[in-house]
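The values are calculated or read from the model by the stated rules, or taken from the named source; none is laboratory data. Every value quoted in this text rests on a predicted model; they were computed, and no experiment measured them. Positions of Cβ are generated from backbone atoms using ideal geometry, with glycine treated the same way; all protein chains shown enter the neighbour counts.
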Amino acid sequence: MTEQSSTGTSGSWREAFKVYTHPRVAGMLLLGFSAGLPLLLVLGTLSFWLREAGIDRATIGFLSWIGLAYGFKWMWAPLVDRLPLPLLHRWLGRRRSWLLFAQVGIACALVGVALSDPQQNLYQLVGFALLTAFLSATQDIALDAYRIEAVKESMQGAMAATYQAGYRLAMITASAGALWIAAGIAGGDGYHYEAWQGTYLAMAGLMLVGMVVTLLLPEPETNGLSQSRQDEISMAQELAHHPWLPPRAARAVAWVYGAAISPLLDFVRRYRWQAVLILALIATYRISDVVMGVMSNPFYVDMGYTKEEVASVSKVFGVIMTIVGAALGGLLTVRFGVMRILFVGALLSAATNVLFAWLAGRGHDVTGLIFVVSADNLSAGIASSAFVAYLSGLTNVAYSATQYALFSSLMLLLPKFIAGFSGVAVNAFGYAAFFNTTALLGLPVLFLVVLAARAHNKAKETP
């Protein structure tokens, strides 16, 4: 990471705002929408559907493990980074071809979800949800690489902010929009499968937004792939001196080395012992939000909030606050540096979970819901922008897809695994105790941020 991205800049507020006028920065808004649309459709909104269909909270908690597909995307990231898709690669290039492939697949998988009633075909629905999550994670791999390669490091905070804004607009669509559509089709209380079927078919159609943008945007100009191929060539030349290894096997080993092993070695070489500290921070930074988030929709249902109330307060107003937080986080990151805002975001994210415990004691309180959702989403937006900028600064553009996929996967693995037991915890201890516990989970993160900032400052001072 550069001094500018880590400790702040000496530029003016005007210069900080001006970065948002850059064409590539502005263009990330629609790409962020394409990335954000599938997420809640297989997690948050789906949990609302399942709970309304009478599925047990513990089952819903375990089904949140569908999100682990995002945590294991590092396993196929080298393929997305290096493997050309037939026909599409020549037409669209390395990043756009994978983007279009994933977006078409997501639309088809969402149609499969729409055609599955959880009361009759729960396993079928889960299968299509898993496929949606897998293809969504694949889209993320290609899109994260594009975002990192498109602009210089000093603009990554702004890229993260516009990406987050588009992402959150998609979340409004996939949450509030979905709930409004379902409520409109249902025309009354109770469970109506046809309402959810029509809703998910509409969401599948909205993936056309991403497809159109992918066809229009230009490929980033980077020499990252040439570096990866150079690693492969060097390994192939070394293996050529071992006659006991067949030529085809030697080429396969060299390809794996260039695509999958070199990105990991590059990270360790650059950060050495700090790599362990950095990975620990990445693995735990979002733990409070992720673990708490799985039970938020079941919480709304159990507290008696209607679809319209949840859509208006949590899914529209709340997401707008997240967008405001993301823009503020991007601005503050450009102005004051990543590490300072990373600490503020972690502190706010943990603290606002306590507000949900307070809300649990008030029952059906729309005013209280507005207050809690506003605070929670504003802090989440600030934290997300700073964290995305931090991860982008850690990434070597020569291995952007694979390294960023590793970082973002690690970010989700532990939180998603723990979140799978959230329904069991709520059943055993109640919502208030659960929300307070998720707040405590965020305290070690503050310590890790301080250590990471000190380690980076020392590294800069070393000649």
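Inside region 275-306, residues that are farther than 28 Å from residue 53 by Cα and over 19 Å from the mean Cα position of the chain (by Cα) make up a count of 3. The residues in region 310-333 that are surrounded by fewer than 19 Cβ atoms within 10 Å (Cβ to Cβ) and either under 17 Å from the mean Cα position of the chain (by Cα) or farther than 17 Å from residue 177 by Cβ (or both) can be counted, and the count is 2.
Is it fair to say residue 379 is surrounded by 16 or more Cβ atoms within 10 Å (Cβ to Cβ) and more than 17 Å from residue 279 (Cβ to Cβ)? Criteria met by residue 379.
Set side by side, the residues 432, 386 differ, and just one is under 22 Å from residue 347 (Cβ atoms) and touching a Ser or Thr at 6+ places or on another chain (Cβ under 9 Å), which is 386. Out of the residues in region 23-72 meeting the condition of being charged (D, E, K, R) and in contact with a helix residue (DSSP H, G or I) (Cβ under 6 Å, 6 or more places away or on another chain), tell me which one is modelled with the lowest pLDDT. My answer is 24. Out of all the residues in region 154-172, is one or more modelled with pLDDT under 75, surrounded by fewer than 24 Cβ atoms within 10 Å (Cβ to Cβ) and touching a helix residue (DSSP H, G or I) at 6+ places or on another chain (Cβ under 9 Å)? Within region 154-172, one or more residues are modelled with pLDDT under 75, surrounded by fewer than 24 Cβ atoms within 10 Å (Cβ to Cβ) and touching a helix residue (DSSP H, G or I) at 6+ places or on another chain (Cβ under 9 Å).
Just one of the listed residues (195, 158, 183, 178) is closer than 14 Å to residue 37 by Cβ and either in contact (Cβ under 8 Å) with a residue 12 or more places away in the chain or not in a helix (DSSP H, G or I) (or both), and it is 178.
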